[in-house]
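Visitor: My structure is below; once you've seen it, I'll send some questions.
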Amino acid sequence: MPEFKPGQTIRCTIERVPANKRGKDTILRLMRQDDGIRRGLRRAQKQRARATRVYIRGGRNWIVRPRAGKIARVDKGESWTMDYTPLLSGDLRSVESYLSVETV
């Protein structure tokens, strides 16, 4: 993987999907660094908070929380952009065989 400077914008594309859960979770964590995905997750969280139903069951309040939607998906060909920070280097290094990373 080439060396990137802190603050540099990079584009990551999934070349192949990891077979293990640990690799998929790392890629999802990296995908959540994208501004568009981050905004979508925050917006969905606010909508779920408004849609939470509370009713009485057995004399107590019973809360029904809607399930969270999956905005970021680990599929071949998915890509995202993010600003590089040195803290991300370990995560990028651990999944570099599944990603192609280039500067924007």
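Conditions (1) touching a His at 6+ places or on another chain (Cβ under 8 Å); (2) touching a residue at least 24 places away in the same chain (Cβ under 8 Å); (3) of a type in the set (A, V, I, L, M); (4) not assigned by TED's automatic domain parsing to the domain that holds C12, marked per residue:
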site	(1), (2), (3), (4)
R50	no, no, no, yes
G58	no, no, no, yes
R65	no, no, no, yes
K76	no, yes, no, no
S79	no, yes, no, no
M82	no, yes, yes, no
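Visitor: Look at the range 66-91 and say how many of its residues are surrounded by 11 or more Cβ atoms within 10 Å (Cβ to Cβ), assigned to a helix (DSSP H, G or I) and not aliphatic (A, V, I, L, M). Reasoning before the result, please.
Guide: Going through the range 66-91, the residues surrounded by 11 or more Cβ atoms within 10 Å (Cβ to Cβ) turn out to be 66, 69, 71-74, 78-85, 88-89, 91.
Going one step further and asking which of them are assigned to a helix (DSSP H, G or I), we end up with 88-89, 91.
Going one step further and asking which of them are not aliphatic (A, V, I, L, M), we end up with 89, 91.
Selection size over the range 66-91: 2.
Visitor: Pairs under 8 Å by beta carbon, first residue more than 20 Å from V74 (Cβ to Cβ) in the range 85-103, partner at pLDDT 95 or above and loosely packed, with under 14 Cβ neighbours inside 10 Å, six or more apart or different chains?
Guide: If the second residue must be at pLDDT 95 or above and loosely packed, with under 14 Cβ neighbours inside 10 Å, the pairs left are T85/P6; T85/G7; P86/P6; T103/Q8; T103/T9.
Visitor: Failed condition for I37, given (1) assigned to a helix (DSSP H, G or I); (2) more than 12 Å from the chain's Cα centre (by Cα); (3) hydrophobic (A, V, I, L, M, F, W, C), with all others met?
Guide: Evaluating I37 over (1) assigned to a helix (DSSP H, G or I); (2) more than 12 Å from the chain's Cα centre (by Cα); (3) hydrophobic (A, V, I, L, M, F, W, C) leaves (2) as the failure.
Visitor: May I pose another question? Of the residues in the range 40-65, how many are assigned to a strand (DSSP E or B) and either of a type in the set (K, R) or in contact with a Phe, Trp or Tyr (Cβ under 6 Å, 6 or more places away or on another chain) (or both)?
Guide: Initial filter on the range 40-65 (assigned to a strand (DSSP E or B)): 53-57, 60-64.
Keeping just the survivors that are either of a type in the set (K, R) or in contact with a Phe, Trp or Tyr (Cβ under 6 Å, 6 or more places away or on another chain) (or both) gives 53, 55, 57, 60, 62.
So the answer is 5.
Visitor: Ok, one more. Say whether the condition of being polar (S, T, N, Q), assigned by TED's automatic domain parsing to the domain that holds V104 and either touching a residue at least 40 places away in the same chain (Cβ under 8 Å) or assigned to a strand (DSSP E or B) (or both) is met by at least one residue in the range 10-25. Break it down into steps so the answer makes sense when it comes.
Guide: Quick first cut of the range 10-25, residues polar (S, T, N, Q) only: 13, 20.
Cutting the leftovers down to assigned by TED's automatic domain parsing to the domain that holds V104 gives us 13, 20.
Filter once more, keeping what is either touching a residue at least 40 places away in the same chain (Cβ under 8 Å) or assigned to a strand (DSSP E or B) (or both): 13.
Looking through the range 10-25, at least one residue is polar (S, T, N, Q), assigned by TED's automatic domain parsing to the domain that holds V104 and either touching a residue at least 40 places away in the same chain (Cβ under 8 Å) or assigned to a strand (DSSP E or B) (or both).
Visitor: On to the next question. Of the residues P6, P2, P18, which single one is loosely packed, with under 13 Cβ neighbours inside 10 Å, on the phi < 0 side of the Ramachandran plot and in contact with a helix residue (DSSP H, G or I) (Cβ under 8 Å, 6 or more places away or on another chain)?
Guide: Answer to the selection: P6.
To keep it simple, each residue is scored yes or no on (1) at pLDDT below 95; (2) under 17 Å from the mean Cα position of the chain (by Cα); (3) over 17 Å from R16 (Cβ atoms).
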{"site": "L41", "(1), (2), (3)": "no, yes, yes"}
{"site": "A49", "(1), (2), (3)": "yes, no, yes"}
{"site": "R60", "(1), (2), (3)": "no, no, yes"}
{"site": "K70", "(1), (2), (3)": "yes, yes, yes"}
{"site": "G77", "(1), (2), (3)": "no, yes, no"}
{"site": "Y98", "(1), (2), (3)": "no, yes, no"}
{"site": "T103", "(1), (2), (3)": "no, no, yes"}
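The values are calculated or read from the model by the stated rules, or taken from the named source; none is laboratory data. Just so you know, these numbers come straight off a predicted model, no measurement behind them. A quick note on method: Cβ atoms are made from the backbone with ideal geometry, for glycine too, and the neighbour counts reach across all protein chains shown.
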